[in-house]
Amino acid sequence: MRRVRLAALKHAYLAACLFLGGIPLTDSADRIRGALIAARDRGSRDAAPTCTEAEQLALARTGSAPQGPPLALMVEQSEDGPGRPVISLAGTLVVSWPFEDLPPQQFEAGEQVDYPLADLDPANTPRQEDRYE
């Protein structure tokens, strides 16, 4: 189940980055990236890494064939208070918002926001051959 949660977390992380328009530089984002890098670098027989965000990620299958937009940020309805933010992945899987320290409710669509993002200037991005020396 760890691998399933980690795979879902990867998709939730990438979808949230798309929604935010960049790569957040927060504590929860750092933990997620660390777990994803550890998963990439582990041996095939090693136990899958985990992090708090992976363990707490809510997952639900819709039982539907892929439909609607590939990614959608939605609010799960709740009878006892405000709903929590969730991400729909092609209408087939719904996952909770991955960043505990960066709630999406504070942003309006198209609004300029003030939160730390990584520099996405292509001139400052390491080339593929420079990454694994």
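So how long is each side of the stretch 2-98 along the principal axes, counting just the alpha-carbon atoms, biggest first, in Å?
41, 30, 27
What length, rounded to one decimal in nm, is gained on full extension from Leu93 through to Thr62, with 0.36 nm per residue of separation minus their alpha-carbon distance?
Full extension of this stretch gives 10.6 nm more.
Every number here is computed from the coordinates shown, using simple stated rules; none is lab data. The shown structure was predicted, so the numbers you read here are calculated from the model rather than taken from an experiment.
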